[in-house]
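The values are calculated or read from the model by the stated rules, or taken from the named source; none is laboratory data. Since this is a predicted model, take the numbers as computed values, not measurements. Heads up, the Cβs are rebuilt from the backbone with ideal geometry, glycines too, and the neighbour counts pull from every protein chain shown.
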């Protein structure tokens with residue numbers, strides 16, 4: 001059986017000898033090399049239009065399981081410069097298992113940190129690649145470790161929000177790049193126009209891409225919470241798992257993450273699905289809201305996510321979750337004051353009270369008020385006759401929220 005590294009070097013040399021080789025010329029050679037290093041390995045070679053919008057050049061899979069990504073540069077490109085560039089910074093922040101290579105030198109990054117570097121050799125003046133046996137062994141060891149890496153399972157809300165926020169950053173960038181390249185009838189440009197017409201006038205591509213990334217992330221998380229820890233989430237069925245109580249998000253998510261999602265974005269969405277499926281969701285959900293009376297992971301997620309995704313935007317928008325004990329105290333205090341100081345014996349349940357929450361957020365205050373109204377009007381009362389009621393029951397309230 002031929003040595004895969006010798007075959008790889010011979011192929012590179014033959015490509016270089018023709019004098020017109022480019023970065024894309026050598027992709028079949030590295031694909032063959034990677035697939036020869038283990039059972040059921042597949043290295044996907046992404047088309048130029050996808051990689052130009054922000055996807056690494058190759059994904060490496062073992063069966064259906066994604067192992068990591070490979071970003072290729074042409075032979076002789078200075079990897080020191082590429083490593084510090086904006087593209088690699090994005091990839092290193094978001095992708096936990098990544099290789100950067102010029103087909104001869106290989107740099108392996110784990111969670112953004114460079115783990116190892118190895119080089120097959122150099123191209124000599126006659127176009128031949130000079131490689132020593134120990135160099136082949138070093139590259140072989142680096143690639144073996146890259147393929148064998150097992151990331152620890154995510155078990156806290158903060159870890160999950162951080163990883164999803166990094167992937168959301170890639171969605172944001174890929175969507176923005178796609179908008180620049182798409183024709184007017186492209187999927188994202190059509191959605192941008194629809195958003196601008198019906199939701200946000202003068203919506204910029206930058207803001208739309210941000211909304212798009214956040215909606216995808218939040219929707220996937222909500223769908224995973226719905227499907228539960230014992231069942232895998234799938235991108236093509238995620239929209240159907242979103243709560244019926246949020247029909248707008250359900251419909252919007254179907255289109256944003258459905259079959260028409262651009263390839264430049266779909267790979268990140270698939271990575272988010274894989275991340276959620278591999279996370280210890282029972283531990284994550286137990287961690288959400290720890291220390292609060294009400295532990296609703298979907299309610300708590302957005303603040304945690306936005307703190308990791310864009311802390312400045314969180315500050316500007318005032319996205320800070322109010323603990324349930326504080327909400328309960330404020331709502332009950334208002335109810336008490338309405339009864340004792342303003343002559344409204346039914347408090348917040350009075351039909352003439354207008355309830356406003358101009359910074360609604362996740363609706364925690366409205367939820368608490370509705371619960372108090374229900375307790376006031378509908379909760380079962382002790383069977384002690386009617387004497388214990390200080391006031392007759394009012395007509396059904398016309399509550400405007």
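Just a yes or no: is a residue in the range 191-209 under 14 Å from the mean Cα position of the chain (by Cα), in the same structural domain as residue 302 (by TED's automatic domain parsing), modelled with pLDDT of 75 or more and not in a loop (DSSP other than H, G, I, E, B)? Yes, because at least one residue in the range 191-209 is under 14 Å from the mean Cα position of the chain (by Cα), in the same structural domain as residue 302 (by TED's automatic domain parsing), modelled with pLDDT of 75 or more and not in a loop (DSSP other than H, G, I, E, B).
Of all the numbered requirements in (1) free of Cβ contacts under 8 Å to residues at least 40 places away in the same chain; (2) part of a helix (DSSP H, G or I), residue 152 misses one, and that requirement is (2).
Restricting attention to the range 93-104, the residues that are surrounded by fewer than 20 Cβ atoms within 10 Å (Cβ to Cβ) and under 19 Å from residue 5 (Cα atoms) total 1. How many residues does the range 304-321 contain that are crowded, with 16+ Cβ neighbours inside 10 Å and either modelled with pLDDT under 70 or closer than 24 Å to residue 370 by Cβ (or both)? Number of matching residues: 3. Put simply, of 359, 371 the only residue that is modelled with pLDDT of 50 or more and surrounded by 11 or more Cβ atoms within 10 Å (Cβ to Cβ) is 371. For the range 45-145, which fully contained helices (runs of 4 or more DSSP H) count at least 1 residues that are in contact with a strand residue (DSSP E or B) (Cβ under 8 Å, 6 or more places away or on another chain)? Of the helices (runs of 4 or more DSSP H) lying wholly inside the range 45-145, those with at least 1 residues that are in contact with a strand residue (DSSP E or B) (Cβ under 8 Å, 6 or more places away or on another chain) span 79-84, 86-94.
When the range 214-232 is limited to residues that are in a loop (DSSP other than H, G, I, E, B) and on the phi < 0 side of the Ramachandran plot, the one that is surrounded by the fewest Cβ atoms within 10 Å (Cβ to Cβ) turns out to be 230. What single numbered condition from (1) at pLDDT 70 or above; (2) more than 30 Å from residue 164 (Cβ to Cβ); (3) in contact with a helix residue (DSSP H, G or I) (Cβ under 8 Å, 6 or more places away or on another chain) fails to hold for residue 285? With respect to (1) at pLDDT 70 or above; (2) more than 30 Å from residue 164 (Cβ to Cβ); (3) in contact with a helix residue (DSSP H, G or I) (Cβ under 8 Å, 6 or more places away or on another chain), residue 285 is out only on (2).
The lone criterion from (1) crowded, with 17+ Cβ neighbours inside 10 Å; (2) touching a helix residue (DSSP H, G or I) at 6+ places or on another chain (Cβ under 7 Å) left unmet by residue 74 is number (1). Whether any residue in the range 120-129 is at pLDDT below 95 and buried (at least 18 other Cβ atoms within 10 Å of the Cβ) is what I want to check. Yes, the range 120-129 contains at least one residue that is at pLDDT below 95 and buried (at least 18 other Cβ atoms within 10 Å of the Cβ).
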